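Okay, structure first, notes after.
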Amino acid sequence: MNPRFGHRSVTRLGLLVADLGPATAGRSTLSDVSSLAVAAEQAGFDSFWVEDDQGGGVAPADSAEAGFEAYSLLGALATRTHTVRLGAFPLGGDPRAPAALAKIVTSIDVISGGRGVVTLAPGPLDEPAALDRLAEGLQVCRAVLDDQHPGFAGTHFAIDGAVNQPPPVQPGGVPLVVRLDTAERSWVKALHVAMPFTDAVVVDGDLDAVSLAADAVSGQESGTEVIWTGAVPASEREAVATITAVAAAGATGCIIAVPGAQMAPEMTELGPALLEAMELARAPGSHSR
């Protein structure tokens, strides 16, 4: 649990479904995604995530990029699920103003009865202002989520009286998460920028990346969680081994990535075994970090 905000862990075991889109070329309908989210919830997953393609769904119908708008989809899922937290993974920097993003997720939090998650991602880290924009965006989001009369004045973002009503209902506040691409050379710098403001960082990559993030977090008093995301094998034995290794490297949670709703039922069948592996690996007295 993050000591700053008092809410439960952002996730122990989440499911990320990528490549969602209209019911053409084998893509997913709302019914498909809703059924999957409910199945994941019943299987023990405590969070459900979709990719945010920066406003996808406006492309031509025959485009490979056509699909659901992420937060509209999460709003629909908020009425069809009961316990899973609901979040979106930005693919690159988010074009939305951070205050607007915080308001959008606040609406999802209210609709779902307290299950929204705000997730930011830095833009390309080779851009000079990327880290400053990330730090300011996180501060704006936290102010809009937590303060009755939020205000912030920075170089890239400024708000004055951006009152957020109705406010979030989640006990302890809405979690604030940063998604980091470990293929970027400066991702560790972004991690250090994010830690003072975030409840969790989500990293992909191998076990070395998880260990590096866990070591950085352990040296701070921020209480930031390290969550790994990636694909796991369809074999239960191999999937459990993957989860156990990731937890041993220092991850406090995992978000399993699957390509499309039609591919995901196999993962929901693995849910109980994966959750047990995660809990055993993170239990006191285990060999995990």
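Would you kindly calculate the mean projected area, averaged across all directions, of the convex hull enclosing the Cα atoms of segment 177-257, in square nanometres?
Values: hull surface 19.2 nm².
Averaging across all directions leaves 4.8 nm² for the Cα convex hull.
Could you give the DSSP H helices of the chain that reach 20 angstrom or more along their long axis (alpha carbon positions) and whose average Kyte-Doolittle hydropathy is no lower than 1.0? Walk me through the numbers before you get to the answer.
Working: long enough: 98-112 (21 Å, 1.32); 130-146 (24 Å, 0.48); 265-282 (26 Å, 0.09).
The qualifying helices are 98-112.
Can you list the residues, at least 5 places off or on another chain, whose amide H is less than 5 Å from the amide H of L15, using H built in the peptide plane?
S47, F48, W49, I256
How big is the dipole moment of segment 13-282 about its Cα centre under a simple scheme where the beta carbon of each Lys and Arg is +1, that of each Asp and Glu is -1, and everything else is neutral? Debye, nearest 20, please. Walk me through the intermediate numbers first.
Values: 13 positive and 34 negative charges, 101 e Å.
Computed charge dipole of segment 13-282: roughly 480 debye.
Sort the chain into rounded, prolate or oblate with this rule: let a ≥ b ≥ c be the square roots of the eigenvalues of the Cα gyration tensor; rounded if a/c is under 1.5, and if a/c is not under 1.5, prolate when a/b is larger than b/c, oblate otherwise. Before the final figure, lay out each step's value.
Details: a/c = 1.43, a/b = 1.10, b/c = 1.30.
Since a/c stays below 1.5, the shape of the chain is classed as rounded.
Using Cα-Cα distances under 8 Å and only pairs 6 or more residues apart, what relative contact order does the chain have, in percent?
Numbers: 602 pairs, mean separation 61.1, N = 289.
Relative CO of the chain lands at 21 percent.
Only the coordinates and a few stated rules stand behind these numbers; no lab work does. In this text the structure is predicted, and so the values were computed from the model without any measurement. Don't worry about glycine lacking a Cβ; one is built from the backbone with ideal geometry, like all the others, and counts go over all protein chains shown.
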